[in-house]
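Written out below as structure tokens is the structure these notes cover.
The values are calculated or read from the model by the stated rules, or taken from the named source; none is laboratory data. Only a predicted model underlies this, so the values are computations on that prediction, with no experimental measurement involved. Glycine also receives a Cβ, built like all others from the backbone with ideal geometry; neighbour counts cover every protein chain displayed.
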Amino acid sequence: MKPEAVKRRFFTPGIIVLIIVALNGLVFLAVRFFSGLGAVTNLDNNTPWGLWIGVDVAAGVALAAGGFTSAALVYIFHREDFHDIARPALLTALLGYTFVAFAVFVDIGRFYYIWHPLVMWNGNSALFEVGICVMIYMTVLYIEFIPVITERFIGRVKLRGIFAAINKPLDSVLRFLDKGLSKVMFVFIISGVVLSTLHQSSLGTLMVIAGGKMHPLWQTPILPLLFLLSAIAVGLPMIIFESLLASRSFRIKPEMKILSNLGSMAAPAIGIYLAFKIGDMFVRETFKYISISDTASRFFIAELILMIIPLIMFLRKKTLSSSSSLFAASTFVIAAVLLNRINCFIEAYTPFYDPTVYNPSFGEISVTIGCMALLVVIYKAIVIIFPVISQGRTQQENLP
């Protein structure tokens, strides 16, 4: 089925609410840039990072994993039956990584020095490797999206007035890009998958370096592997989650055959992640910390429960045949990985000699929620303009 632009009205009550939420976040964002981090956040010299790193960056990178998992399925393992979900997953990853890069820019105290890693290399730094990989992968994602743009505008460039003279040259450029990229796109796709595995795991390496600053329940030498496995585990559920939301929003019948297959593939990925996580806990004998009734143990137990529930659900045929059950199971996985990143970067991480207890400020929460709302607005605008979602599906006429 050929992807087409979705013919739906852009401004709806839901979009208007999201725009208001986004504007609220942008107000606090402006204060941050003009008055500094201290004016908006509860960060200080003792608490160097908080919500923006734990959620906007660490969780954002993990939840954008649908891009490289779908690319691996379709273009490396040649599962052409999943081709219809490749473009929506690509768009979600592109927007997700753009959000992550912007979050890093916002969270750095001297944000105007964000370009330094490009020229000041430090090969011994895990954070440097993460930064470079994210920048390169984000560039790769935009290159991978170019064929969607050329497909939309080839033969349709109709600028008017003084710009009419560049219609033919611009169309020629689009055709050149389309033809040229079709021959080398496999290079960018393979590069994207490799880069994703590198920086997903290196975020775990960053926390391994934290050493004693991190709670024993999460501090483990295999944390890079756990970060990579959890990203793979959430990649397929994230595609299911996004696809069902888009289907509901645009009143399109969901591709249940594809989503059911993704759900059946999600179960082994989740199982492998849990096997390593629970196995590591027994090898290191850190299960003794679970018996201590404190916030850390409760968060760790909640993280495990949120991952075990969807594992059981994805193993049931009843779940795979129901869109609502698939959506619920996927939501549990997303919540589990989100909580894991919050645990690792916020709950489990305690800087030495830190007398304060960090709680995110209203401004921090507003910026995070506002950016998420803005991403949804941009996503809808793009799928209305560009051929992203397959339109061979029958429309649901009776949806409200």
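On inspection, L177 does not qualify as closer than 30 Å to A71 by Cβ and within 22 Å of the chain's Cα centre (by Cα). Name the residues in the range 261-285 that are under 24 Å from the mean Cα position of the chain (by Cα) and surrounded by fewer than 20 Cβ atoms within 10 Å (Cβ to Cβ), would you? N261, S264, M265, P268, G271, I272, L274, A275, F276, listed by residue number. Counting only residues that are hydrophobic (A, V, I, L, M, F, W, C), surrounded by 14 or more Cβ atoms within 10 Å (Cβ to Cβ) and in a helix (DSSP H, G or I), the range 32-48 holds 2 of them. At pLDDT below 90, assigned to a helix (DSSP H, G or I), surrounded by fewer than 14 Cβ atoms within 10 Å (Cβ to Cβ) and not hydroxyl-bearing (S, T, Y), is that true of V184? Yes. Inside the range 297-328, can you point out the residues that are surrounded by fewer than 19 Cβ atoms within 10 Å (Cβ to Cβ) and aliphatic (A, V, I, L, M)? The answer is I301, A302, L304, I305, I308, I309, I312, L315, A328.
Only one of S243, S191 is among the hydroxyl-bearing types (S, T, Y) and buried (at least 19 other Cβ atoms within 10 Å of the Cβ). Can you tell me which?
After applying the criteria, what remains is S243.
In a residue-by-residue description of the range 160-180, the property of being loosely packed, with under 13 Cβ neighbours inside 10 Å, among the hydrophobic types (A, V, I, L, M, F, W, C), in a helix (DSSP H, G or I) and in contact (Cβ under 8 Å) with a residue 60 or more places away in the chain applies to no position.
Residue by residue, here is whether (1) outside any strand (DSSP E or B); (2) of a type outside the set (F, W, Y); (3) modelled with pLDDT under 90; (4) over 30 Å from M207 (Cβ atoms) holds:
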| residue | (1), (2), (3), (4) |
| --- | --- |
| F241 | yes, no, no, no |
| A266 | yes, yes, no, no |
| I270 | yes, yes, no, no |
| R298 | yes, yes, no, no |
| A302 | yes, yes, no, no |
| I312 | yes, yes, no, no |
| T319 | yes, yes, no, yes |
| L339 | yes, yes, no, no |
| F352 | yes, no, yes, no |
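Looking across the range 1-31 at every residue that is among the charged types (D, E, K, R) and part of a loop (DSSP other than H, G, I, E, B), the one that is surrounded by the fewest Cβ atoms within 10 Å (Cβ to Cβ) is identified as R9. Given the condition modelled with pLDDT under 90 and small (G, A, S), answer yes or no: does some residue in the range 17-33 qualify? Looking for residues that are modelled with pLDDT under 90 and small (G, A, S), one finds none in the range 17-33, hence no. Counting the residues of the range 257-274 that are hydrophobic (A, V, I, L, M, F, W, C) and touching a Phe, Trp or Tyr at 6+ places or on another chain (Cβ under 8 Å) gives 5. Only one entry of L203, L226 meets the criterion of being farther than 17 Å from A275 by Cβ, modelled with pLDDT of 85 or more, surrounded by 17 or more Cβ atoms within 10 Å (Cβ to Cβ) and under 19 Å from the mean Cα position of the chain (by Cα), and that entry is L203.
Being charged (D, E, K, R), under 30 Å from V234 (Cβ atoms) and modelled with pLDDT of 85 or more is the filter here, so list the residues in the range 96-133 that pass it.
Here is the first cut: in the range 96-133, the residues charged (D, E, K, R) are 107, 110, 129.
Now narrow it down to the ones that are under 30 Å from V234 (Cβ atoms): 107, 129.
Listed by number, the list holds a single entry, D107.
Taking A71, is it more than 22 Å from L338 (Cβ to Cβ), among the small types (G, A, S) and free of Cβ contacts under 8 Å to residues at least 24 places away in the same chain? Against the criterion (more than 22 Å from L338 (Cβ to Cβ), among the small types (G, A, S) and free of Cβ contacts under 8 Å to residues at least 24 places away in the same chain), A71 does not qualify.
Just the residues that are part of a loop (DSSP other than H, G, I, E, B) and in contact with a Phe, Trp or Tyr (Cβ under 8 Å, 6 or more places away or on another chain), please, taken from the range 61-111. Walk me through it before giving the result.
Initially, the range 61-111 is screened for residues part of a loop (DSSP other than H, G, I, E, B), giving 64-65, 77-79, 108-110.
A64, the sole residue that qualifies.
Against the numbered list (1) of a type in the set (F, W, Y); (2) touching a Ser or Thr at 6+ places or on another chain (Cβ under 9 Å); (3) over 30 Å from I114 (Cα atoms), F227 comes up short only at (3).
Taking L236, is it more than 19 Å from M307 (Cα to Cα), assigned to a helix (DSSP H, G or I) and at pLDDT 90 or above? Criteria not met by L236. If you go through the range 194-252 and pick out every residue that is under 13 Å from A58 (Cβ atoms) and of a type in the set (S, T, Y), you end up with 4.
If the condition is being surrounded by fewer than 17 Cβ atoms within 10 Å (Cβ to Cβ) and part of a helix (DSSP H, G or I), then the range 209-223 contributes G211, G212, K213.
Taking I346 as the residue in question, decide whether it is at pLDDT 90 or above and under 23 Å from A231 (Cβ atoms).
On the way: at pLDDT 90 or above: no; under 23 Å from A231 (Cβ atoms): yes.
Answer is no for this residue.
Restricting K380, K288 to those that are assigned to a helix (DSSP H, G or I), basic (K, R), out of contact with any Cys (no Cβ under 6 Å at 6 or more places or on another chain) and surrounded by fewer than 17 Cβ atoms within 10 Å (Cβ to Cβ) reduces the list to K288.
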